[in-house]
Amino acid sequence: MRVKGGFASRHHKKDILKRAKGFRGSMHARFAIAKERVMQAERYQYISRRLFKRDIRALWIQRINIAVRICDPEMNYSTFMHALKTLNIAVDRKVLAEMAVTEKEAFSKLVGLAKQSA
């Protein structure tokens, strides 16, 4: 007995066309073209998730560096982070950047500790 697989292939095509919703021209209507466009869009999504993490980390570093320079003009980001590491203060960059913006006095105390150890 021959198995045609109509439900599975129809389900697959509907899924691809649903993910291609909003694409321009025939890219959202024709399965063969939509399949390529969806695959490329997923590739871009995969890459962009990593680029977003990279950009956010760079933003945190810039905020920390500016705040360190405001608290102590002679210290920079790298010496500050090295001093925190030698003092065994385990605070990640996200929290440090948030402290630099919202809790300036607590951040300046950390900079003071780092300056004493350096």
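The numbers here are math on the coordinates, done by the rules we state, and not lab data. Treat the numbers as computed from the prediction; the structure is a model and nothing was measured. Every residue, glycine among them, receives a Cβ derived from its backbone with ideal geometry; neighbour counts consider all protein chains shown.
Output the residues belonging to the stretch 27-82 that are among the acidic types (Asp, Glu) and within 30 Å of Ser117 (Cβ to Cβ). If the condition is that a residue be among the acidic types (Asp, Glu) and within 30 Å of Ser117 (Cβ to Cβ), then Asp72, Glu74 are the ones that fit.
When the stretch 16-33 is filtered for residues that are over 28 Å from the mean Cα position of the chain (by Cα) and assigned to a helix (DSSP H, G or I), the ones remaining, listed by number, are Leu17, Gly25, Ser26, Met27, His28, Phe31, Ala32, Ile33. Taking the criterion of being free of Cβ contacts under 8 Å to residues at least 24 places away in the same chain, in a helix (DSSP H, G or I) and loosely packed, with under 14 Cβ neighbours inside 10 Å, the residues of the stretch 58-81 that qualify are Ala58, Gln62, Ile70, Ser78. Contact annotation: residue pairs with Cβ atoms under 8 Å, 6 or more positions apart or on different chains, pairing a residue in the stretch 100-111 that is free of Cβ contacts under 8 Å to residues at least 60 places away in the same chain and over 18 Å from Ala83 (Cα atoms) with a partner that is part of a helix (DSSP H, G or I) and not aliphatic (A, V, I, L, M), are Val101/Arg63. Just checking, does the stretch 38-49 include any residue being within 30 Å of Asp15 (Cβ to Cβ) and buried (at least 18 other Cβ atoms within 10 Å of the Cβ)? Within the stretch 38-49, one or more residues are within 30 Å of Asp15 (Cβ to Cβ) and buried (at least 18 other Cβ atoms within 10 Å of the Cβ). Residues in the stretch 82-118 that are hydrophobic (A, V, I, L, M, F, W, C), surrounded by fewer than 18 Cβ atoms within 10 Å (Cβ to Cβ) and in a helix (DSSP H, G or I): 4 in all.
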